[in-house]
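Below is one structure, written out as structure tokens; comments come after it.
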Ligand code: SF4
Ligand code: SF4
């Protein structure tokens with residue numbers, strides 16, 4: 001399981017990028033995505049996202065362009 005970002009809800013504010021101590025969240029265009037190889041499921045990103053764009057998905061890979 002790792003963090004998964006729903007691009008339709010993401011507003012590109014980068015709060016999650018700054019909150020992730022594992023450097024697991026990157027931006028592409030104006031949407032964030034999670035590198036599941038680095039994510040340790042600490043849920044910090046979900047706490048800071050004010051748009052409800054982050055959820056946790058079993059077996060999620062890089063959420064690029066989904
Ligand atoms: S905090 Fe939420 S809205 Fe902001 S960039 Fe991250 S996922 Fe997108
Ligand atoms: S759950 Fe934690 S490690 Fe994973 S992307 Fe979010 S802040 Fe980073």
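The values are calculated or read from the model by the stated rules, or taken from the named source; none is laboratory data. All of these numbers come straight from a predicted model, not from anything done at the bench. Here Cβ is always computed from backbone atoms with ideal geometry, including for glycine, and neighbour counts include all displayed protein chains.
Every test in (1) within 12 Å of ligand 2 (Cβ to nearest atom); (2) modelled with pLDDT of 95 or more; (3) surrounded by 13 or more Cβ atoms within 10 Å (Cβ to Cβ); (4) not in a helix (DSSP H, G or I) is passed by residue 45 save one, and that test is (4). Of all residues in the range 20-31, which are more than 10 Å from the chain's Cα centre (by Cα) and at pLDDT 95 or above? Across the range 20-31, the qualifying residues are 21, 22, 23. Are any residues in the range 39-56 more than 10 Å from ligand 1 (Cβ to nearest atom) and over 11 Å from the mean Cα position of the chain (by Cα), and if so, which ones? Of everything in the range 39-56, those that are more than 10 Å from ligand 1 (Cβ to nearest atom) and over 11 Å from the mean Cα position of the chain (by Cα) turn out to be 40, 42.
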